[in-house]
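This report refers to the structure that appears directly beneath it.
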Amino acid sequence: MGDRDKIIKVGSRKSELALIQTNHVIGRLKELYPEREFEIVTMSTKGDQILDKPLPKIGEKSLFTKELEIALEQSRVDFVVHSLKDMPTDLPDGMAIGAVLQREDPRDVVILHKKHKGKTLNTLPEKCVVGTSSLRRTAQIARNYPDLFIKDIRGNLNTRLRKLDEGELYSAIVLAKAGVVRMGWEGRIDQVLESSEMLYAVGQGALAVECRENDLSTLALLELLHHRPTVAKVVAERSFLNALGGGCSAPVAVASSLQNRQLSLTGAVWSLDGSQTISHTSRCRLHTDLNADDGEPPSKCPYREPRLFCGVSPGGVSPRDLFVAEKLGADLASMLIQQGALDIMSSAKKTIHSTAS
Ligand code: DPM
């Protein structure tokens with residue numbers, strides 16, 4: 001049987017969102033390669049199994065990705081679809097992000113209990129409880145809406161929505177718009193939070209496809225899904241997070257944009273209660289206009305060594321531009337570190353671990 005007849009095995013978590021995302025990627029690949037066949041292999045991860053502890057207290061990287069990566073390593077699957085924001089900036093040895101799909105709206109949204117319909121975070125009564133287990137969201141809500149209470153909420157998106165709707169505890173939950181839209185719940189969105197009041201998580205809103213770094217045929221297959229402007233933005237964001245040494249649970253957030261060739265990155269860190277914060281915006285100029293279709297073909301690129309950029313395979317994006325994007329993120333992190341970012345982050349970490357159950 002030739003390589004082309006091989007059925008491509010795709011690993012996925014079992015949650016509805018994970019399966020929607022996996023099927024979306026397979027759908028795109030089937031359009032590009034109608035002759036190829038795909039088979040989904042589902043598995044559950046530690047993050048799916050431990051539901052009684054707040055995420056930051058489990059304190060482990062790759063919570064939602066490890067089991068899938070082991071299956072990849074053992075070649076039981078050929079690629080795995082993730083939300084990019086769940087992927088650590090340093091992937092396990094031998095793994096690569098072969099495609100980052102076009103980012104959807106990266107902002108966070110508010111979904112309200114029906115008794116608060118028509119309100120916003122600004123107009124909710126004092127002491128209303130907002131459900132989130134994200135330290136990033138917690139810190140920003142505490143800072144901007146000091147009259148609201150924040151309580152942990154766990155479980156997949158279906159579980160969270162049910163806890164909001166059927167319980168009395170939560171008045172609102174804050175979620176990523178991209179996930180809410182993928183679930184088909186756009187009609188439930190009560191408020192979209194501008195990045196000026198709620199910066200988003202590194203990589204939020206973009207899907208990533210992970211495969212083995214040496215699996216050239218899968219990398220070639222995935223390369224066509226790579227969305228070049230998204231790749232430049234998320235490499236800058238991931239490089240920022242990587243230089244700060246923060247895992248996916250640190251109170252760190254970003255916003256980025258790419259206009260013409262100008263890449264702009266805002267990054268911030270908070271103390272857990274939101275009282276201390278450091279943030280800054282930096283810009284750089286890319287060599288290529290990645291928003292235009294006529295970018296420099298990869299064959300002309302002067303850097304011949306294949307290498308990953310915070311885990312992301314360059315695909316059709318010129319490594320020259322990815323070096324620039326990576327430097328933007330790293331330089332922004334150094335600037336925040338000079339202003340005391342690491343102290344703020346380590347005190348946040350201490351607080352989490354001192355209260356660990
Ligand atoms: C990560 C965080 C959360 C997820 C932390 C953060 C949110 C946890 C919570 C790294 N992963 O955002 O500060 O709200 O308690 C997750 C979601 C999506 C991917 C759900 C969500 C869908 C959106 C996307 C969980 N991972 O954030 O509402 O693909 O970007």
Between a first residue in segment 106-127 that is within 21 Å of Glu166 (Cβ to Cβ) and of a type in the set (Val, Ile, Thr) and a second residue that is in a loop (DSSP other than H, G, I, E, B) and away from the ligand (no atom under 16 Å from the Cβ), which pairs have beta carbons less than 8 Å apart while being 6 or more apart in sequence or on different chains?
-> Val110/Thr120
Any chance Thr132 is modelled with pLDDT of 95 or more, under 18 Å from the mean Cα position of the chain (by Cα) and not acidic (Asp, Glu) = yes
Write out, first by first residue and then by second, each pair whose Cβ atoms fall under 6 Å of each other, whose residues are 6+ apart or on separate chains, and whose first residue, in segment 265-282, is outside the structural domain of Tyr145 (by TED's automatic domain parsing) while the second is part of a loop (DSSP other than H, G, I, E, B).
-> Ala268/Leu199; Trp270/Pro251; Ile278/Gln339
For segment 188-242, enumerate the residues that are touching a Cys at 6+ places or on another chain (Cβ under 7 Å) and under 20 Å from Gln74 (Cα atoms).
-> Thr218, Leu219, Leu222
Would a scan of segment 269-292 turn up a residue that is buried (at least 23 other Cβ atoms within 10 Å of the Cβ), of a type outside the set (Phe, Trp, Tyr), within 16 Å of the ligand (Cβ to nearest atom) and not in a loop (DSSP other than H, G, I, E, B)?
-> yes
Of Phe149, Phe79, the only residue that is of a type in the set (Phe, Trp, Tyr) and more than 16 Å from Cys211 (Cβ to Cβ) is Phe149
For segment 142-151, what are the residues that are in contact with a strand residue (DSSP E or B) (Cβ under 6 Å, 6 or more places away or on another chain) and either surrounded by 23 or more Cβ atoms within 10 Å (Cβ to Cβ) or of a type in the set (A, V, I, L, M) (or both)?
-> Leu148, Ile150
Residues of segment 201-216 classified as within 16 Å of Ile8 (Cβ to Cβ) and in a loop (DSSP other than H, G, I, E, B), total = 1
For segment 206-259 the number of residues that are among the hydroxyl-bearing types (Ser, Thr, Tyr) and modelled with pLDDT under 95 is 2
Could you tell me which numbered condition Ile337 fails, if it satisfies all but one of (1) under 24 Å from the mean Cα position of the chain (by Cα); (2) modelled with pLDDT under 95?
-> (2)
Do you know which of the residues in segment 124-181 that are among the basic types (Lys, Arg) and in a loop (DSSP other than H, G, I, E, B) is nearest to the ligand (Cβ to nearest atom)?
-> Arg154
Would you mind stating whether Glu194 is acidic (Asp, Glu), assigned to a loop (DSSP other than H, G, I, E, B) and touching a residue at least 60 places away in the same chain (Cβ under 8 Å)?
-> yes
Looking only at segment 231-243, which residues are buried (at least 24 other Cβ atoms within 10 Å of the Cβ) and not charged (D, E, K, R)?
-> Val231, Ala232, Val234, Val235, Ala236, Ser239, Phe240, Leu241
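Looking only at segment 182-195, filter to residues that are closer than 15 Å to Leu121 by Cβ and not hydroxyl-bearing (Ser, Thr, Tyr); which one of those is farthest from the ligand (Cβ to nearest atom)?
Glu194
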Could you check how many residues of segment 209-245 are farther than 30 Å from Asn260 by Cβ and not aliphatic (A, V, I, L, M)?
-> 9
Of the residues in segment 74-117 that are surrounded by 19 or more Cβ atoms within 10 Å (Cβ to Cβ) and more than 16 Å from the ligand (Cβ to nearest atom), the one that is nearest to Ala206 (Cα to Cα) is Gly98
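The values are calculated or read from the model by the stated rules, or taken from the named source; none is laboratory data. Keep in mind the model is a prediction, meaning the values are calculated, not measured. Reconstructed Cβ throughout: ideal geometry from the backbone, glycine too, with neighbour counts over all protein chains shown.
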